[in-house]
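**Q** Below is the structure I would like to discuss, written out as structure tokens.
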Amino acid sequence: MTRTAPTDTASAIAAGDRRYETAVRCGFNQRFVSDVDYISYPRTTADVVAAVGTAVADGKRVTVRSGGHGYEGTGSTEGGVLIDVSVMTSVEYDPSRRAFAIQPGAKVGEIYRELYKRWGVTLPMGECIDVCIGGHLVGGGFGPLSRRYGAIVDYLCAVEVVVVDAAGQARAIVASDDPADPHHDLWWAHTGGGGGNFGVVTQYWLRTPGATSEDPGQLLPPAPTTWRNGYLMWPWDKMTEQDFVRILRNYGTWFERNSAPGSRETNLTAFFCATHKSSDVITVGSLIDDDVPGAREMTNEFFDAVCEGVEVEPSVRTSDEVVSWLYHFTHTNRADHTGLGGSRFKLKSAYLRKAYTAEQIARAYRHLDTEDPRKIFFMFIGYGGQVNAVAPEATAVAQRSSILKGAYLSSWWDPAEDDHHIANLRALYQDVYADTGGVPVTNDANEGAYINYPDRDLADPEWNTSGVSWSTLYYQANYPRLRKVKQRYDPRNEFRHVLSIELPEEQRRSSA
Ligand SMILES: Cc1cc2nc3c(=O)[nH]c(=O)nc-3n(C[C@H](O)[C@H](O)[C@H](O)COP(=O)(O)OP(=O)(O)OC[C@H]3O[C@@H](n4cnc5c(N)ncnc54)[C@H](O)[C@@H]3O)c2cc1C
């Protein structure tokens with residue numbers, strides 16, 4: 001295949017262009033850098049239709065990127081064309097749909113800012129301000145307001161997608177949550193079916209389900225005005241296995257008790273973060289809208305519960321950091337709140353229906369308490385609450401009974417160290433899930449993994465010995481329906497990556 005590219009350099013950057021290296025390297029995880037014929041930068045839906053149509057007609061593979069914050073290279077590729085929609089950034093109110101129309105290149109931080117300043121409303125999105133809604137929403141994004149307001153997909157009322165039909169023709173379709181819409185299934189697939197599977201999203205429309213007002217200020221949840229952060233920290237040099245187990249058990253069981261939809265405590269969310277002992281402290285952070293009556297008391301009740309029976313004194317205990325909500329959610333530090341941007345990276349995920357057992361926590365602890373320094377850490381982030389008020393089949397986010405999301409991470413800079421750090425992370429995760437084939441197979445304690453934190457190891461029988469496929473871990477019982485949508489809207493499998501929705505068996509065989 002020859003490496004041809006459009007001649008319009010304002011809308012495409014070809015291999016050989018001096019901007020090319022920067023353009024392919026703008027993703028979050030430097031382990032995955034595209035090597036494509038050219039990168040296309042459409043500005044309108046019509047541009048996307050033209051760009052996709054040209055690529056397909058030329059027999060080139062098509063890959064989609066919005067914010068480049070995918071963790072596992074699903075938005076980067078070898079060969080073909082990278083369609084980068086990061087310049088499609090508008091956030092507007094669309095009176096014709098009584099909904100907020102948001103283009104895929106809009107960054108989470110910009111969306112918070114626009115929605116707050118113009119209408120006083122918000123969405124339960126994630127914490128990294130540079131993540132784009134393009135990949136974030138379709139992957140089932142969540143954030144500090146999700147226990148109170150649900151997952152972002154619960155607000156999706158319509159989506160515009162550029163798809164490719166069996167004849168190779170590209171066209172834009174608007175699909176809505178109206179069950180009578182002939183494209184209703186395409187809407188459903190975008191409520192958590194994962195990015196890069198069906199076509200290129202060119203616009204999302206969002207509104208609170210059931211909202212009837214004509215006033216945009218009433219059509220999404222009200223944004224908080226002030227925000228209270230609290231921290232508990234323990235220095236590693238004082239920590240014992242017994243106390244570590246106790247802290248994480250206390251933390252998890254608090255979420256077991258306090259995650260019923262609509263309950264007072266779902267106003268509060270939190271994270272538990274433990275690094276390897278060579279690098280930092282063990283932290284529990286709490287986050288709450290300070291406009292909620294009793295926010296400080298709730299924070300302290302939560303901290304008391306986490307500390308119950310723990311012998312090691314925290315070196316920090318504070319519940320008094322109160323800041324402007326908008327400032328906090330859009331501060332530039334939050335572009336990379338994990339401090340990992342620009343590095344090489346591996347992440348694994350898990351949904352937790354229950355707190356880990358003491359045995360699981362002890363196993364995890366031993367990977368952090370080694371004499372050799374390891375660049376690994378894990379976090380458990382508050383979930384449940386309003387998220388669990390929605391049925392598993394109502395959207396493509398099937399996980400509707402978990403109380404925490406787990407993220408296991410490693411980051412480093414030197415490519416020569418890839419195998420070493422990945423091996424350490426794999427060993428940790430495999431040990432925690434030793435009783436279920438090395439992965440969080442759904443049972444009364446686990447609910448699979450999160451597709452926005454993708455991990456190609458789940459598709460590798462060396463690391464997933466459970467006999468449960470990666471697709472079931474991510475999509476549970478919703479996977480067969482997602483495959484049908486794939487068959488209808490991407491019958492040629494033009495949109496594919498290492499963890500993409502597969503065509504149904506029959507079709508895969510006949511097109512093989
Ligand atoms: C530092 C950091 C912090 C994060 N914090 C959170 C968090 O708080 N909460 C949370 O839920 N998630 C979080 N995430 C995960 C994030 O939601 C996902 O990585 C998300 O998919 C990134 O979207 P993107 O458009 O920026 O990335 P991309 O890499 O551009 O896209 C990710 C995937 O979506 C596909 N895609 C992108 N745009 C489109 C489109 N327009 N149409 C169709 N497919 C598309 C891509 O092909 C790729 O497969 C975080 C990620 C990072 C790196």
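**Q** Kindly evaluate R317 against the criterion of being outside the structural domain of G120 (by TED's automatic domain parsing), modelled with pLDDT of 95 or more, of a type in the set (K, R) and in a helix (DSSP H, G or I).
**A** no
**Q** Enumerate the pairs (first residue in the stretch 304-330 and more than 25 Å from G126 (Cβ to Cβ); second residue anywhere and surrounded by 12 or more Cβ atoms within 10 Å (Cβ to Cβ) and among the acidic types (D, E)) with beta-carbon separation below 6 Å, excluding pairs fewer than 6 apart on the same chain, so at least 6 apart or on different chains.
**A** V310/D243; E311/D243; V312/D243
**Q** Quick one: which residue in G210, G150, G168 is within 22 Å of the chain's Cα centre (by Cα), at positive phi and not hydrophobic (A, V, I, L, M, F, W, C)?
**A** Exactly one of G210, G150, G168 is within 22 Å of the chain's Cα centre (by Cα), at positive phi and not hydrophobic (A, V, I, L, M, F, W, C), namely G150.
**Q** Out of A396, A389, I need the residue that is modelled with pLDDT of 95 or more, in the same structural domain as R344 (by TED's automatic domain parsing) and farther than 20 Å from P454 by Cα. Which one?
**A** A389
**Q** Further question: Looking at V64, V48, which is the one that is within 30 Å of Y408 (Cβ to Cβ) and within 12 Å of the ligand (Cβ to nearest atom)?
**A** V64
**Q** Given the residues E265, E297, E241, which is the only one that is surrounded by fewer than 23 Cβ atoms within 10 Å (Cβ to Cβ), closer than 27 Å to E311 by Cβ and without any contact (Cβ under 8 Å) to a residue 24 or more places away in the chain?
**A** Residue meeting the stated conditions: E297.
**Q** Please go through the stretch 192-215 and give me each residue that is within 26 Å of V498 (Cα to Cα) and either away from the ligand (no atom under 16 Å from the Cβ) or in a strand (DSSP E or B) (or both), ordered by number.
**A** Within the stretch 192-215, V200, V201, T202, Q203, Y204 qualify.
**Q** Would you say V36 is surrounded by fewer than 23 Cβ atoms within 10 Å (Cβ to Cβ), under 24 Å from V131 (Cβ atoms), within 16 Å of the ligand (Cβ to nearest atom) and touching a residue at least 12 places away in the same chain (Cβ under 8 Å)?
**A** In short, no.
**Q** Under the condition of being within 7 Å of the ligand (Cβ to nearest atom) and touching a helix residue (DSSP H, G or I) at 6+ places or on another chain (Cβ under 7 Å), which residue from the stretch 70-96 is nearest to Y41 (Cα to Cα)?
**A** The selected residue is V85.
**Q** Got a sec? Which of F255, F271, F345, F302 is surrounded by 19 or more Cβ atoms within 10 Å (Cβ to Cβ), under 29 Å from Q476 (Cβ atoms) and touching a Ser or Thr at 6+ places or on another chain (Cβ under 6 Å)?
**A** Checking each option against the conditions leaves just F345.
**Q** Please verify whether the stretch 451-458 includes one or more residues that are under 22 Å from R353 (Cα atoms) and among the aromatic types (F, W, Y).
**A** yes
**Q** Is it the case that the stretch 444-462 has a residue that's surrounded by 19 or more Cβ atoms within 10 Å (Cβ to Cβ), away from the ligand (no atom under 16 Å from the Cβ), under 19 Å from the mean Cα position of the chain (by Cα) and not in a helix (DSSP H, G or I)?
**A** Yes, because at least one residue in the stretch 444-462 is surrounded by 19 or more Cβ atoms within 10 Å (Cβ to Cβ), away from the ligand (no atom under 16 Å from the Cβ), under 19 Å from the mean Cα position of the chain (by Cα) and not in a helix (DSSP H, G or I).
**Q** Taking the condition outside any strand (DSSP E or B) and surrounded by 18 or more Cβ atoms within 10 Å (Cβ to Cβ), does L232 pass?
**A** Judged against the criteria, L232 is not a match.
**Q** Can you name every residue in the stretch 401-443 that is surrounded by fewer than 21 Cβ atoms within 10 Å (Cβ to Cβ) and either in the same structural domain as G139 (by TED's automatic domain parsing) or hydrophobic (A, V, I, L, M, F, W, C) (or both)?
**A** A407, W412, W413, A416, I422, A423, A427, A434, V441, listed by residue number.
**Q** Those residues that are part of a helix (DSSP H, G or I), within 22 Å of K60 (Cβ to Cβ) and of a type in the set (D, E, K, R), I need them from the stretch 480-507; list them, please.
**A** Hit for the stretch 480-507 is K486, nothing else.
**Q** So, one more: Looking at the stretch 135-159, which of its residues are more than 19 Å from Y475 (Cα to Cα) and within 10 Å of the ligand (Cβ to nearest atom)?
**A** Of everything in the stretch 135-159, those that are more than 19 Å from Y475 (Cα to Cα) and within 10 Å of the ligand (Cβ to nearest atom) turn out to be G143, P144, S146, V159.
The values are calculated or read from the model by the stated rules, or taken from the named source; none is laboratory data. Keep in mind that this is a model prediction, so the values were computed, not measured. Virtual Cβ from ideal backbone geometry, glycine too; neighbours counted across all protein chains shown.
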